[in-house]
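The values are calculated or read from the model by the stated rules, or taken from the named source; none is laboratory data. From a predicted model like this one, the values you see are computed outputs, not experimental measurements. As a convention, Cβ positions derive from the backbone with ideal geometry for all residues, glycine included, and neighbour counts pool all protein chains shown. These area figures cover heavy atoms from the full protein model, side chains too; ligands, DNA and RNA do not enter into them. Shrake-Rupley method; radii C 1.70, N 1.55, O 1.52, S 1.80 Å.
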Amino acid sequence: MRAPAYANFTVNAFQTRLAYRNAVWAGAFGDLVFMFARIAIWVSVYGAASGATVEGFSLPDMITYALLAGPVLYWDFSRLVNEVGNAVQTGDVAVYLLKPLHYPAYLLASHIGHFLFELLLIVLPIAVIVCLTYGLVPPVSPFHGLAFLAFWLLSFAMLFTLATLAGLLAFWLMTVFALEWFLMSIMTLLSGGLVPLWLFPDWLAAIAGHLPFAWVSYYPAAVYLGKLDPGQTLLYFAIGCVWLLALLTALGWLWAQARHRLIVQGG
């Protein structure tokens, strides 16, 4: 199937989300409340001391980190996991084998549409509200700003691949409920989405910093705030690309095994 056809899946996913306007408002309000709760944690950590810093970062830095590592980078991957799980349970996944398309590529195109929808209609308004309420800091330099955009793309690809891998395991487990919660727990702890890795104990930060989850939230936000110098930025981007390549290889292998399993079960 040609690229324009996959682009249509992206547009359709975006338009489908627009049809449920009440869900948009509810989702935006829920994410805004969660964002202010995250900010309240850092406000309490820094206290009332003006100009206080923790590990060299001020309160505005941490508010910016909370926004980036949260709503901006950490999109709703549970929708993807559940979509694959439901398709397996209902047998609808067999329909995709009859079409001239690659199922993981279809998932990618579709969830780019969901990602763009959430970015424009949920994340962007939340960022504006947080900026007007608390203030946000800009990238420490033009280099770090451009590097953040590259890490953002890597973050999306990394989380998509991890979520798709978890979803495809439903071919063997026949459910994604436990898989979704397991991945969510791992991401909450090791991605740096709630607490940056520089506040972890040294031994845990050393482990988490070399696992692929850290490229979802921690490294992009750390680059934006200047935690990494240009040399480190390029090095960790290269390591993240290696991780992504390894995960994509695993995804291709798992999808091939899942198709074989579906054919065997279906006769």
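Is it true that some residue in the range 76-94 is touching a residue at least 60 places away in the same chain (Cβ under 8 Å) and farther than 23 Å from Met174 by Cα?
So far as the range 76-94 goes, no, none of its residues is touching a residue at least 60 places away in the same chain (Cβ under 8 Å) and farther than 23 Å from Met174 by Cα.
Of all residues in the range 200-229, which are over 17 Å from Leu68 (Cα atoms), open to solvent by 20 Å² or more (accessible area, probe 1.4 Å) and in a helix (DSSP H, G or I)?
Listed by number, the residues that qualify are Asp202, Trp203, Leu204, Ala205, Ala206, Ile207.
Identify, from the list Thr161, Thr175, the residue that is under 20 Å from Val216 (Cα atoms) and either aliphatic (A, V, I, L, M) or open to solvent by less than 70 Å² (accessible area, probe 1.4 Å) (or both).
Answer to the selection: Thr161.
Can you pull out every residue in the range 58-72 that is open to solvent by less than 20 Å² (accessible area, probe 1.4 Å) and among the hydrophobic types (A, V, I, L, M, F, W, C)?
The answer is Met62, Ile63, Ala66, Leu67, Leu68, Ala69, Val72.
Looking only at residues in the range 178-199 that are free of Cβ contacts under 8 Å to residues at least 12 places away in the same chain and within 18 Å of Arg79 (Cβ to Cβ), which one is most open to solvent (accessible area, probe 1.4 Å)?
Only one residue fits best here, namely Trp181.
Among (1) open to solvent by less than 60 Å² (accessible area, probe 1.4 Å); (2) assigned to a loop (DSSP other than H, G, I, E, B), which single condition is Pro100 missing?
Pro100 satisfies every listed condition except (1).
Just give me the residues in the range 73-94 being buried (at least 22 other Cβ atoms within 10 Å of the Cβ), at pLDDT 80 or above and either part of a helix (DSSP H, G or I) or in contact with a strand residue (DSSP E or B) (Cβ under 6 Å, 6 or more places away or on another chain) (or both), in sequence order.
Leu80, Val81, Val84, Gly85
Write out, first by first residue and then by second, each pair whose Cβ atoms fall under 8 Å of each other, whose residues are 6+ apart or on separate chains, and whose first residue, in the range 144-164, is without any contact (Cβ under 8 Å) to a residue 12 or more places away in the chain and on the phi > 0 side of the Ramachandran plot while the second is of a type in the set (Phe, Trp, Tyr) and in a helix (DSSP H, G or I).
Qualifying pairs under 8 Å: none.
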